[in-house]
Every structure is written in structure tokens, then in C-alpha cells.
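Have a look at the structure below before the remarks.
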Amino acid sequence: MIERTLVLVKPDGVYRALIGKVIQRFEDAGLKIVGMKIVRPSKDMASEHYVADEKWLLDVGTKSKKSYIEKGMDVKESELEIGNRVRNYLLDYITSGPVAAIVVEGNEAISIVRKIGGSTSPQKADPSTIRGAYSSDSYQMADEGKRAVRNILHMSEDSAVAKREISIWFSDAELVEYKRSDEGAQYGI
Ligand code: GDP
Ligand code: MG
């Protein structure tokens, strides 16, 4: 199924001039860029993007808590507290510098983009992924520095989230429909 998803190259990726490499990886996989801009997000935009949704806060908190426990650390914070703390780090980070906002379209684009982007912690991310190949941060180091994990990318999680996120960063008129010249070869159409 053809889907659209939002990719943000966060300030670490823009400062490190990784935008081209990120786009290349998605284009190489047969996906198509249908929207693109460089933005310095406002606080309002950032908090709309990282909305204080309880499920997301709990998911983030649960994932982090698991990694602390694996390291044998004593965790006093609840999952929700960790989620809220990480959200504040993210709001500070995403508003601190330039962000490249990109809409990627293609068959199963949401899961394929996340597969190519790699898992959240660069230390754990497979080296064949963007995060694994170009970053080395970890939950532990980020938490000690009281900041978000620097992992280059944001990628929408599922189709409802992708629709919501794309509408925050782009108007309909900013998204352009066209055909890649190899779509026939790729999809047999
Ligand atoms: P993603 O979908 O893979 O980006 O991961 P999440 O949606 O779970 O988390 C959003 C972002 O928050 C991540 O990309 C990281 O930058 C940051 N983050 C997530 N978990 C932690 C954490 O435990 N500590 C810190 N400092 N940052 C985190
Ligand atoms: Mg996420």
C-alpha cells in the first residue's frame, strides 16, 4: 500500500551535513520525496509534534527503563515520569536549531523508513541503518547530559501518526505528486 511518512533530520543531522545521505538512503530503497523544507521550529510547533500523548509517554518511558535495568541501574522514576522528562529534552532540542522536514512516499513507506533509519539508540542500531552508520549516542550518555538522544532522525510511527505529523509541517499545496521514472520497473505497473 502506498503511504506517506514524515522524516525530520534533527539539528544534529543538519549541523553534520547529513541531509543528502539521509535522502539518498530513502531514494535508493525506491521511495520518493514529495515534500521538503528547512525549518527552525517554534515552541508551539514542537509541542504539537511531540504531543503529550499518554501512550507515547509510556512507550518512551518503558523502552528507556528497560535499557537502564539491563545495565543494572537502579531506576526510581516511573515510566510516565521518564516519558515526560524525555519529551522536555526533545522540545528543547528540536527548537534549538535547523530541522529538515521531509515527506517520503512509497509502498509501505512508514515501516520501510523506520527500518532504514534504525532503532532509537544509536549504540544499539544496526550499522546498516542511518542511525547505526552515522551516530553513536546512547540513552545513558544522553540522560547524563540531560538531553535527548542524538540519533539524527525522527520518523513517524504509524499511519494515523504520519497523517497528523505531516499536517503539522506541510500544507497540502506543499506536497507534490509525480511519478519516478522507475516506478514501472519497481512495481510492475
Ligand atoms: P524513535 O521513534 O525511534 O525516534 O523513538 P521514540 O519515539 O521512542 O523517542 C523519541 C526521541 O526521544 C528519540 O528519537 C530520542 O531522541 C529521544 N529519546 C527516547 N528515549 C530517550 C531516553 O530514554 N533518554 C533520552 N535522553 N532521550 C530519549
Ligand atoms: Mg517515535
Too long at a 19 Å Cα-Cα cut-off: which of LYS32/LYS179; LYS76/LYS146; LYS55/LYS163; LYS66/LYS115; LYS71/LYS115; LYS43/LYS63? LYS66/LYS115; LYS71/LYS115; LYS43/LYS63
Order MET141, MET1, MET45, MET155 by their accessible area, 1.4 angstrom probe, all chains in place, largest first. MET1, MET141, MET45, MET155
Determine the calculated [θ] at 222 nm for the chain from helices alone, applying -39500 (n - 2.57) to every DSSP H run no shorter than 4 residues and normalising by the residue count; nearest 500 deg cm²/dmol. -13500 deg cm²/dmol
Solvent-accessible area per residue for the chain (1.4 angstrom probe, square angstrom): 52 Å²
Full-extension gain in nm, ARG180 to LYS124, via 0.36 nm per residue minus C-alpha separation: 16.8 nm
The ³J(HN,Hα) series, computed from each phi in region 81-94 with the Karplus coefficients 6.51, -1.76 and 1.60 at θ = phi - 60°, rounded to the nearest Hz and given as x for glycine or proline, is 5, 4, x, 5, 5, 5, 4, 5, 4, 5, 4, 4, 5, 5
Which GluC sites (Glu not before Pro) from region 1-99 combine a DSSP loop assignment with at most 15 other Cβ atoms within 10 Å? GLU77
With N residues in the chain, what two-decimal value do you get for its Cα radius of gyration over 2.2 N^0.38 Å? 1.04
For region 129-177, state which GluC sites (Glu not before Pro) are in a DSSP loop and have at most 13 other beta carbons lying within 10 Å of their beta carbon. GLU177
Portion, in percent, of the accessible area of region 2-170 that falls on carbon or sulfur, probe 1.4 Å: 53 percent
Evaluate the distance, in nm, between pseudo-label points positioned 7 Å from the Cα of ALA52 and of ARG164 along their respective Cα→Cβ axes. 1.5 nm
Could you calculate the FRET efficiency of MET1 with LYS66 from 1/(1 + (r/R0)^6), where r is the beta carbon distance between them and R0 is 30 Å, rounded to 0.05? 0.45
Under 19 Å from the 7 Å Cα→Cβ point of GLU157, by amide nitrogen: which residues of region 129-151? 139, 148-151
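The values are calculated or read from the model by the stated rules, or taken from the named source; none is laboratory data. None of the values given here were measured: they were computed from a predicted structure. Counting neighbours? That spans all protein chains shown, and the Cβs are built from the backbone with ideal geometry, glycine included. SASA here: full protein model, heavy atoms, side chains in, ligands and nucleic acids out. Shrake-Rupley method; radii C 1.70, N 1.55, O 1.52, S 1.80 Å.
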